[in-house]
1. For the pair Ser59 and Ala207, how long in nm is the line joining their label points, each one 7 Å along Cα→Cβ?
2. Between Lys48 and Ser214, what FRET efficiency comes out of the Förster formula 1/(1 + (r/R0)^6) with R0 = 25 Å and r the beta carbon distance, rounded to 0.05?
3. Tell me which label goes with the value of semi-axes √(5λ) of the Cα gyration tensor in Å computed from the coordinates here: [x] 27, 23, 16; [y] 32, 19, 14; [z] 35, 21, 13.
4. Give me the dipole magnitude in Debye, nearest 20, for the stretch 33-97 about the Cα centre, with unit charges on the beta carbon: positive for Lys and Arg, negative for Asp and Glu.
5. Taking neighbour counts of Cβ atoms within 10 Å as a proxy for exposure, in what order, fewest first, do Glu47, Glu149 appear?
6. Would you list Ile116, Ile157, Ile168 from fewest to most Cβ contacts within 10 Å?
7. Just add up the charged neighbours of Leu216: K/R +1, D/E -1, any other residue whose Cβ is under 9 Å from the Cβ of Leu216.
8. With Cβ to Cβ distances under 14 Å as the rule, what net charge do the other residues near Cys109 carry (K, R +1; D, E -1)?
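Bear in mind that the values in this text are calculations on the coordinates, not laboratory data. This is a predicted model, so every value here is computed, not measured. Backbone-built Cβ (ideal geometry, glycine too); neighbour counts: all protein chains shown.
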Amino acid sequence: MGQIRRTGAVAAGVAALVVPLAVGLGAGTAQAASCTTSKGPYQKQVEKFLGRPVDGKQSAADCKAIRAFQSKHGITPTIGYAGPVTWGVMDLMNKQKAAGRTPNKAGKCPVNKGRIACVDLTRQLSWVQDGKKLVYGPVPVRTGRNGYETRTGLKKIYWRNKNHVSSIYDVPMPYSQFFDGGQAFHSVGVSMWNPPGSHGCVNMTKAAASKYWSLLKNGDDVYVYGRKPGT
């Protein structure tokens, strides 16, 4: 959470550090930095997602592939264990991919507001639409973690700062567009699937945040709905 220096309002900042994943790994785990020989409860699902042979058995090649995925997305401990956090990220990716070019197929984001930025917490997706027309997206986003949830409802962008810096965490929040009590769209330099999430802001890649900056302006509507998995 960061403070808007110009107005004194409190702003939600970038996410904090990743919390360790507490799982029982058995005797197959030597050290946190080594590759586990234990199969996880989601072994087959993870193997299928990664294009590995689906046999439900942990192999050195399986572990290497899982570790690479964990390292890329900041999932800890990075030991190649097919646990609930790793599978949760993969499952979310599958759901995001399934949204395709019709993220508002269920009609949950208002189509009678003209241009509006939609945020689906359940699928961790955001897009910009104008009526029923998709203008941009959908793109993966990273919203508030448990205890710092991104608040739902209809809001409006009220302040923008392209080079904002959080005065609480002293971290940059590029392309910040604030829409609710300090919660904002802004870019971050971590994976959009990096757990556990932000302090309430809607984190985006630099490319997506830059595009949102060019598409939106003060007074534009933002609609947040759903519930982020794990919150």
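1. 3.3
2. Working: r = 38 Å, r/R0 = 1.53.
Efficiency, from the Cβ-Cβ distance: 0.05.
3. Calculated semi-axes √(5λ) of the Cα gyration tensor in Å: the matching label is [z].
4. Details: 10 positive and 4 negative charges, 23 e Å.
Its charge dipole is roughly 120 debye.
5. Working: Glu47 22, Glu149 19.
Going from least to most buried by this count: Glu149, Glu47.
6. Working: Ile116 23, Ile157 20, Ile168 14.
With the fewest neighbours first, Ile116, Ile157, Ile168 line up as Ile168, Ile157, Ile116.
7. Working: positive: Arg115, Arg160, Lys217; negative: Asp220.
In short, +2.
8. The answer is +4.
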